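The values are calculated or read from the model by the stated rules, or taken from the named source; none is laboratory data. This is a predicted model, so every value here is computed, not measured. With ideal geometry, Cβ positions are generated from the backbone for all residues, glycine too; neighbour counts draw on all protein chains shown.
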Amino acid sequence: MSTPLVIRDRNTMRNLILTNQTMGRRIGFVPTMGSLHAGHTSLVDRAMAECDDVVTSIFVNPSQFGPQEDFERYPRDFDADFNLLAQHDVRWIFAPDVHEMYPPGDSTRIEISGPAEPYEGQLRPGHFSGVATIVFRLLQSTPANTVYFGAKDWQQVLVVRQMVRDLGLDVEVMTCPIVRDKDGLALSSRNAYLSESERTRAQTIYAALQQAEENWCRGLAIDKIELKVRDMLSAREIRIDYADIVHDESLRKISEVSRNTPAIFLIACHVGSTRLIDNILLPSQT
Ligand code: AMP
């Protein structure tokens, strides 16, 4: 247990990181939007294991929310986040306000094509531009050696990796496994929106993904695997945005003949008014 130092401005943050790196320390960075749970702390713990110091950012990034989305009501609890990060020995918490990250008159955005185009990119126009812009700015302020992301937001990881490659950013990107609740539901700050009965229905998402994995390993046809998942979700009145088996990097649909490529089952769906995403990696079949 240690008491993290809270930093609000970009220059102080940057100078602290650079000074510590000059002293030979490796810095791990975990960007978050706060409302922290065991999924976030799994990234912190991984960073702690691999680096000398860990910095976590807490910033609910307005530019990645669409106009009809939940930016205003997104859960925020700085004190609880601070205490949790203290328990996990985070050294610095970078918690800028909106004007620090988007100064008045700000008019610069990063646009990414390729992995940012399908799925979330199509359904949430501007989302990945907002993600890329804030991740770039956070990395400017927090020039860590390694940055940690969760596999729950699979497409986000691909987008960040693309940006890091294309812009030649000097940071290593690590992807950490999805942390789930006892009932299988992937931990998410948005789970707080679910009523008790919605929460019970939401368990079907992981159950459907597990069934898909079994069917994939048994060699069931891809369209049949997808159909079974859709049926399972629809039976619990879960509205589906997408439920597709795709190549894990290109995000293109996989045909039967290319089943031996690394694949992932991606789901986005609505339980009541709450939108949830989840996925499962499918072992390649040779
Ligand atoms: P967020 O605060 O939702 O923007 O998430 C911050 C980071 O935590 C992202 O890299 C997410 O992918 C990661 N994350 C969120 N939920 C989970 C989870 N259940 N398991 C692993 N990583 C997660």
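Can you tell me which residues in the range 167-184 are more than 7 Å from the ligand (Cβ to nearest atom), touching a residue at least 24 places away in the same chain (Cβ under 8 Å) and either outside any strand (DSSP E or B) or more than 30 Å from Arg201 (Cα to Cα) (or both)? I'd like the intermediate steps shown before the answer.
Within the range 167-184, the first condition is being more than 7 Å from the ligand (Cβ to nearest atom), and the residues that meet it are 167-175, 181-184.
If we keep only those that are touching a residue at least 24 places away in the same chain (Cβ under 8 Å) as well, we get 167, 169-175, 184.
Selection gives Leu167, Leu169, Asp170, Val171, Glu172, Val173, Met174, Gly184.
Table: residues versus (1) in contact (Cβ under 8 Å) with a residue 24 or more places away in the chain; (2) under 19 Å from Arg10 (Cβ atoms); (3) more than 11 Å from the ligand (Cβ to nearest atom).
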position	(1), (2), (3)
Pro31	yes, yes, no
Asp52	yes, no, yes
Asn61	yes, yes, no
Gln68	no, no, yes
Glu72	no, no, yes
Asp77	yes, no, yes
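I need a count of the residues in the range 1-16 that are out of contact with any Ser or Thr (no Cβ under 6 Å at 6 or more places or on another chain) and modelled with pLDDT of 95 or more. Spell out the reasoning first.
Just the residues of the range 1-16 that are out of contact with any Ser or Thr (no Cβ under 6 Å at 6 or more places or on another chain), to begin with: 1-9, 11-12, 15-16.
Going one step further and asking which of them are modelled with pLDDT of 95 or more, we end up with 3-9, 11-12, 15-16.
Qualifying residue count for the region: 11.
Determine whether Gln68 is over 18 Å from the mean Cα position of the chain (by Cα), within 22 Å of His127 (Cα to Cα) and either of a type outside the set (Ser, Thr, Tyr) or in the same structural domain as His270 (by TED's automatic domain parsing) (or both). I'd like the intermediate steps shown before the answer.
On the way: over 18 Å from the mean Cα position of the chain (by Cα): yes; within 22 Å of His127 (Cα to Cα): yes; either of a type outside the set (Ser, Thr, Tyr) or in the same structural domain as His270 (by TED's automatic domain parsing) (or both): yes.
Considered against the rule, which asks whether it is over 18 Å from the mean Cα position of the chain (by Cα), within 22 Å of His127 (Cα to Cα) and either of a type outside the set (Ser, Thr, Tyr) or in the same structural domain as His270 (by TED's automatic domain parsing) (or both), Gln68 comes out as yes.
Out of curiosity, is Arg161 closer than 27 Å to Pro115 by Cα, within 23 Å of the chain's Cα centre (by Cα), within 14 Å of the ligand (Cβ to nearest atom) and surrounded by fewer than 16 Cβ atoms within 10 Å (Cβ to Cβ)? Spell out the reasoning first.
Values: closer than 27 Å to Pro115 by Cα: yes; within 23 Å of the chain's Cα centre (by Cα): yes; within 14 Å of the ligand (Cβ to nearest atom): yes; surrounded by fewer than 16 Cβ atoms within 10 Å (Cβ to Cβ): yes.
In short, yes.
Can you tell me which residue is farthest from the chain's Cα centre (by Cα) among those in the range 269-286 that are of a type outside the set (Ser, Thr, Tyr) and at pLDDT below 95?
Step one: filter the range 269-286 for residues of a type outside the set (Ser, Thr, Tyr), giving 269-272, 275-283, 285.
Add one more test, that the residue is at pLDDT below 95, and what stays is 283, 285.
On the way: Pro283: 21, Gln285: 27 Å.
For the range 269-286, the residue satisfying everything is Gln285.
Restricting the search to the range 202-218, which residues are under 19 Å from Asn191 (Cβ atoms) and either touching a helix residue (DSSP H, G or I) at 6+ places or on another chain (Cβ under 8 Å) or aromatic (Phe, Trp, Tyr) (or both)?
The first filter runs over the range 202-218 and keeps only residues under 19 Å from Asn191 (Cβ atoms), leaving 202-210.
Result: Ala202, Thr204, Ile205, Tyr206, Ala207, Ala208, Leu209.
Output the number of residues of the range 39-50 satisfying the condition of being basic (Lys, Arg) and within 9 Å of the ligand (Cβ to nearest atom). Can you show your working first?
Within the range 39-50, the first condition is being basic (Lys, Arg), and the residues that meet it are 46.
Add one more test, that the residue is within 9 Å of the ligand (Cβ to nearest atom), and what stays is none.
Residues meeting the conditions: 0.
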